[in-house]
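A short reminder: the numbers here are calculations on the coordinates, not readings from a lab. Please read these numbers as outputs of a predicted model, since none were measured by experiment. With ideal geometry, Cβ positions are generated from the backbone for all residues, glycine too; neighbour counts draw on all protein chains shown.
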Amino acid sequence: MALIFILLPLALLVAGVMVALFVWAVRAGQFDDLETPAVRILLDDEPAPRREEPPPTPTDSQREGERS
Amino acid sequence: MTRPTEPRGRAAPGRCVHCGLPVPPGRRDDPEPFCCNGCAQAYRLLHDWGLDGYYALRERQGAPGAPARTSGRSFAAFDDPAFLERHARELPGGRRRIQLYLEGVHCAACVWVVESLPRAVEGLVEVRLNFATHLAEVDWDPAAVPLSAVARALDAIGYSPHPRQGSGQAERQAEDRALLIKLGVASACAMNIMLIHGALYAGDAQGMSESFTQFFRWVSLVLSLPVMLFSAPAFFRGAWAGLRQRLPHMDLPVSLALLGAFAYSAVATVTGQGPVFFDSLTALVALLLGARYLQQRAQRLAIERHEGLRRANLVEFARRLGADGVAVEVPAETIAAGDRLEVRPGELIPVDGVVLDGRSTLDQAVLTGEPEPIPVSAGERVFAGATNLGAPLTVRAHAVGAATRVGALLALVDEALAARPPIVQLADRWSRIFVVAVLALAALTGAWALLGEGLTATAALERVVALLVVTCPCALGLATPVAMTVGLMRAARAGIFVKNPGAVERLPAIRRVLLDKTGTLTEGAARVVLWDGDATLAEQVLALEAASIHPIAQAFRRSWDKPVRVVRPVDEVNETAGAGIEGRVDGRRLRVGRPGFVAIDAQAERRLAPALAAGLSPVLVEVDGALAGVAGIGDRLRADAAATVAELSRFAEVQILSGDHPAVVARVAASLGLPPAAAHGGLSPEAKRDRVAESTAGGWPTMMIGDGVNDAAALALGDVGVAVHGGTGASQVAADVLLTRAGLAPVLELFTGGRRLLGVVRRNLIFSLVYNLCGASLAFLGLVGPLGAALLMPMSSLTVILSSMVGPSFRAPRRRGA
């Protein structure tokens, strides 16, 4: 049972490391936005082909009036 | 650009491929119909950028679409060095970062599209969109792409960006993080102490050697030090501040219990005599900090979101005309009196000034409450905040920024908000009595133990400490925040956004409800309310009016959303400003306009009468020289206005405050079943404010409901101010409650939900007091030890939390996307 005099401080040391990690995570901003990541995780598996040709600028493509 | 071949939109026939809304006549036969140019442009851009996945994602989420509202601005103002200096900051590596508030974010797929934009825009490094606040953090490389191009790209797909307004965001974030770290440290320590105390309690029951007991107590003492020195000082500071203002609140009994229990337990540990309470006191800190964090988080969300909205509707930029006659978009702050500005149709007038050139009509409803557009021409005065409906205008600035009429109105709002007394929350009122009672009881317990039972001083002290721990108002401290947070989150999902939780406590007292007319009781946009004529005429009138941007033409289009089966040849169109329009449709000569533009005889007079009697603007339609139809055009009452007013009248006196003509207001009041005395027309914004002030000063708990800049000061002064959906930024800043769902019916839900929510709060408070009473009597008799305290306290807190979760406050929200 005397082992507890060593094990308990050791366990607390591990707990201390966890708290330090938590503090780091908070400081890094990981808890600032709790809503978007919940949404984002649903999105990442969407395949999105990368386009090679240069993208058109927004003003080039205002062609909506030409169909009738 | 390649034409899309595969069917990407799964819209139903007659629905816009991009947003799913009905497609206007004339576009229904397109292979890919769109409801508006904005949607068409957004759809093509998303395809060209390889971001079609948006539609599939949205489909999978079951989220509704929303039309892409683009502003068409050049956003040149975003490249202004002064603008970048103010809103953006530099990152290492030459990049810059800015926070932009995006309009039009409505579902999870929006997050994906916006965050995928760097694939399409070269030089745009990263975008992170916060779905809750609609704030996007944008990192870009100024050497590769100007911010204006990024802004144009966002605008083109329907997310009009605005620079983030409001200050103190960095401080708030730092505060949030600090509180979360305190909560984390307290929770970690409390749980470990709880484990150790589990061993101690087992030891008490079964026997444990003295060396282990002492070791465990010392470890608990060391573990509770960070809690007492790092996490708990928040309560001590609050208690001290309350004492100095002679307004003791919940923090005082909490601090007393913490300090008393800790001091006693520490001494007991050092001397090896007496019980220790480390588990109870650390659990207390962790629970209370948790509730505080939840509440703060919910409140912050409200602030962030509405700071973003704050100026979205107000003047942000202007087009300054240089000496060469070229208009350059600049930030509104850089405009000076004397500058010449161009104002395009659909834009806000950015300054108070005089029209130099051009003829147009202005919508001043948000400023004055008059729904009728005002015609303006050279030499006439215009006011900042009015919307240009017609043609481009050139305006010379006379007053800018705070010196404008709308600037003065906003100053009034700030003044009224600053003058508001803070609300004492129900729980704080209760806790004042509670503090006194606990202190008195503690003294009584000590005295009784010493004198009545003849115990030793240490034994008496032990009893007092047990009493303090057991009566510590943990459940009382949780009762209000948890119930409020849960209730207000549900309300927000049901389209009722409570910015100021204190307003909920004042709801049941409300005895007078003052309503704005234009945009609140009515829809705030002209429609064809009466139509006396052949239904088939509608298509021809629409065809004639199709090209016109006049408000009357818009009213026709808004009201008659009918499919056009035949494309009608229209020619010889001629529009006479302020009178009407004529042209040849299907070979027949059509004239549409006010009486006088279309000739009237006795028969026409008769047909005009109903429209005039209803207070509508009559518009006549003549076909080949013969009168064919009469339309009455006006601002229609909201569909739920009459029912809502009737319901409100059951418990409150309802009045209308409007800037519109008294006769019009009287007619609206009559149609809602209100007595003539309840209709007040022709009120200036200041007069509205004074009416509300008089009402509250006269002992009438008053609710004000409005939407315009002219209502804002009145909203701020009412006991409860409600801004309806679609209102101006100023009204949303001033109001306590924002409706994010169209119509007036949510006001009724606010009343019933608020009443239920207060019921839950009260139930929680009563429960926690009963618990405290029982605990106190047991402690008084010396029947509660550390184990009893450690069991009773979390149980009561848990009950309060459960009671808040199942409490029937606001109705369960309808299913909405994401």
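What nm value, rounded to one decimal, do you get for the distance between A:A11 and B:A599 when each label is placed 7 Å out toward the C-beta?
My value for the distance between the label points is 10.3 nm.
Determine the sum of side-chain charges near B:R177: Lys and Arg each +1, Asp and Glu each -1, restricted to other residues whose C-beta is under 9 angstrom from that of B:R177. It would help to have the intermediate numbers written out before the result.
On the way: positive: A:R27; negative: A:D32, B:E175, B:D176.
Computed value for this residue: -2.
How do B:Y201, B:Y264 rank when sorted from fewest to most other Cβ atoms within 10 Å of their own Cβ? Walk me through the intermediate numbers first.
On the way: B:Y201 15, B:Y264 23.
Arranged by neighbour count, lowest to highest, B:Y201, B:Y264 become B:Y201, B:Y264.
Report the extension gain between B:E210 and B:S671 in nm, rounded to one decimal, defined as 0.36 nm multiplied by the number of residues separating them, less their alpha carbon distance.
Working: separation 461, 0.36 × 461 = 165.96 nm, distance 8.49 nm.
157.5 nm is the gain from fully extending B:E210 to B:S671.
Given H placed on each backbone N at 1.01 Å, which residues far from B:L616 in sequence or on other chains put an amide H within less than 5 Å of it?
Under 5 Å from the amide H of B:L616: no residue qualifies.
What do you get when you divide the Cα radius of gyration of segment B:617-741 by 2.2 N^0.38 Å, with N the number of residues?
Details: Rg = 17.2 Å, N = 125, 2.2 N^0.38 = 13.8 Å.
With N residues counted in segment B:617-741, Rg over 2.2 N^0.38 Å equals 1.25.
Order by neighbour count: B:R638, B:R246, fewest other Cβ atoms within 10 Å first, most last. Walk me through the intermediate numbers first.
On the way: B:R638 19, B:R246 6.
Exposure proxy ranking, most exposed first: B:R246, B:R638.
If every alpha-carbon in segment B:138-259 counts as one equal scatterer, what log10 I(q)/I(0) does Debye give at q = 0.10, 0.16 1/Å?
-0.61, -0.92
To the nearest 0.05, how large is the calculated FRET efficiency for B:A437 and A:A2 if R₀ is 51 Å and r is the Cβ-Cβ distance? Before the final figure, lay out the partial values.
Details: r = 49 Å, r/R0 = 0.95.
E(calc), rounded to 0.05, equals 0.55.
Checking a compactness column here: for chain B, what do you get for Rg(Cα) / (2.2 N^0.38 Å), N being the number of residues?
On the way: Rg = 32.6 Å, N = 818, 2.2 N^0.38 = 28.1 Å.
That ratio works out to 1.16.
Counting Lys and Arg as +1 and Asp and Glu as -1, what is the net charge of the other residues whose Cβ lies under 15 Å from the Cβ of B:R667? Write down the numbers at each step before the final one.
Numbers: positive: B:K517, B:R636; negative: B:E370, B:E372, B:D635, B:D660.
Result for the neighbourhood of B:R667: -2.
By how many degrees, between 0 and 90 and to the nearest 10, does the Cα long axis of helix B:745-780 differ from the longest principal axis of chain B?
So the helix axis and the longest Cα principal axis differ by about 0 degrees.
Expected output is a single nm value to one decimal: the length gained when fully extending between B:A663 and B:A391, i.e. 0.36 nm times separation in residues minus the C-alpha distance. What is it? If you can, show how the numbers build up before the last one.
Numbers: separation 272, 0.36 × 272 = 97.92 nm, distance 3.07 nm.
Length difference between fully extended and current span is 94.8 nm.
Can you give the FRET efficiency to the nearest 0.05 for B:R60 and B:D141, using r as the Cβ-Cβ distance and R₀ = 35 Å? Display every interim value, and only then the final one.
Values: r = 33 Å, r/R0 = 0.95.
Computed FRET efficiency for B:R60 and B:D141 comes out at 0.60.
Kindly provide log₁₀ I(q)/I(0) values, in the same order as q = 0.15, 0.22 Å⁻¹, from the Debye equation applied to equal alpha-carbon scatterers of segment B:376-491.
Log-scaled intensity ratios, in q order: -0.87, -1.17.
Tell me the relative contact order for segment B:238-296 as a rounded percent, counting alpha carbon contacts under 8 Å between residues six or more apart.
On the way: 33 pairs, mean separation 12.5, N = 59.
Contact order relative to length: 21 percent.
From the Cα gyration tensor of segment B:368-407, with a ≥ b ≥ c the square roots of its eigenvalues, which class applies: rounded if a/c is under 1.5, or else prolate if a/b is larger than b/c, or else oblate? The partial results should precede the final answer.
Details: a/c = 2.08, a/b = 1.20, b/c = 1.74.
Oblate, because a/c is 1.5 or more while a/b does not exceed b/c.
In a solvent-free Debye calculation with one equal scatterer on each Cα, what is log10 I(q)/I(0) for segment B:725-802 at q = 0.12 Å⁻¹, listed in the order of the q values?
-0.58
Please give the charge dipole size of the protein assembly as shown, origin at the Cα centre, charges +1 on K and R Cβ atoms and -1 on D and E Cβ atoms. Round to the nearest 20 debye.
Values: 87 positive and 87 negative charges, 380 e Å.
The dipole of the protein assembly as shown has a size of about 1820 debye.
With point charges of +1 on the Cβ of Lys and Arg and -1 on the Cβ of Asp and Glu, referenced to the Cα centre of the protein assembly as shown, which listed residue (B:A68, B:T269, B:A323) lies farthest in the positive direction of the dipole?
B:T269
What do you get for the angle between helix B:210-226 and the principal long axis of chain B? Use alpha-carbon atoms, 0 to 90 degrees, nearest ten.
Tilt relative to chain B: about 30 degrees.
List the relative contact order of chain B as a percent without decimals, with contacts defined as Cα pairs under 8 Å and 6+ residues apart. Could you put the intermediate results ahead of the total?
Working: 1551 pairs, mean separation 100.6, N = 818.
Here the relative contact order equals 12 percent.
Restricting the calculation to Cα positions, tell me the Rg (one decimal) and the Dmax (whole number) of segment B:441-528 in Å.
Gyration radius and largest Cα-Cα distance of segment B:441-528: 26.3, 89 Å.
Just need the relative contact order of segment B:646-705 here, percent rounded to a whole number, with Cα pairs under 8 Å and 6+ apart. Could you put the intermediate results ahead of the total?
Details: 59 pairs, mean separation 18.3, N = 60.
Worked out over segment B:646-705, it gives 30 percent.
Determine, from the Cβ-Cβ distance of B:W240 and B:L787 and an R0 of 30 Å, the FRET efficiency 1/(1 + (r/R0)^6), rounded to the nearest 0.05.
Working: r = 32 Å, r/R0 = 1.06.
With R0 = 30 Å, the Cβ-Cβ based efficiency is 0.40.
Using the count of nearby Cβ atoms within 10 Å as a rough guide to exposure, how do B:M484, B:M194 rank from fewest to most? Let's see the in-between values first.
Values: B:M484 27, B:M194 18.
Starting with the residue having the fewest Cβ neighbours, the order is B:M194, B:M484.
Just going by the charge dipole of the protein assembly as shown, with Lys and Arg at +1 and Asp and Glu at -1 on Cβ, which of B:A399, B:L778, B:F434 is farthest out on the positive end?
B:L778
So what's the angle, to the nearest 10 degrees on a 0 to 90 scale, between helix B:474-493 and the longest Cα principal axis of chain B?
It is inclined by approximately 20 degrees.
Based on alpha-carbon centroids, what's the gap between segment B:731-797 and segment B:104-138 in Å, whole number please?
39 Å
Which residues' amide hydrogens lie under 5 Å from the amide hydrogen of B:F131, considering only partners 5 or more residues apart or on another chain, with H built in the peptide plane?
A:T36
Between B:A579 and B:A418, 0.36 nm times their residue separation minus their Cα-Cα distance comes to what? Let's see the in-between values first.
Working: separation 161, 0.36 × 161 = 57.96 nm, distance 4.75 nm.
Length gained between B:A579 and B:A418: 53.2 nm.
If you bin every alpha carbon distance in the protein assembly as shown into 10 Å steps from zero, what whole percent lands in each bin?
2, 10, 17, 20, 19, 13, 8, 5, 3, 1, 0, 0
Label segment B:89-138 by shape, choosing from rounded, prolate and oblate, from the square roots a ≥ b ≥ c of the eigenvalues of the Cα gyration tensor; if a/c is under 1.5 it is rounded, and otherwise prolate applies when a/b is larger than b/c, oblate when it is not.
Working: a/c = 2.96, a/b = 1.56, b/c = 1.90.
Judged from the Cα gyration tensor, segment B:89-138 comes out oblate (a/c at least 1.5, b/c at or above a/b).
What is the set of long-range amide H partners of B:L389 at a cut-off below 5 Å, with H atoms built 1.01 Å from backbone N?
For B:L389, the qualifying residues are B:G346, B:T361, B:L362, B:D363.
Taking the Cα-to-Cβ direction at A:A25 and at B:D29 and moving 7 Å from each Cα, how far apart do the two end points lie in nm?
Taking the two extended label points, one gets 6.1 nm.
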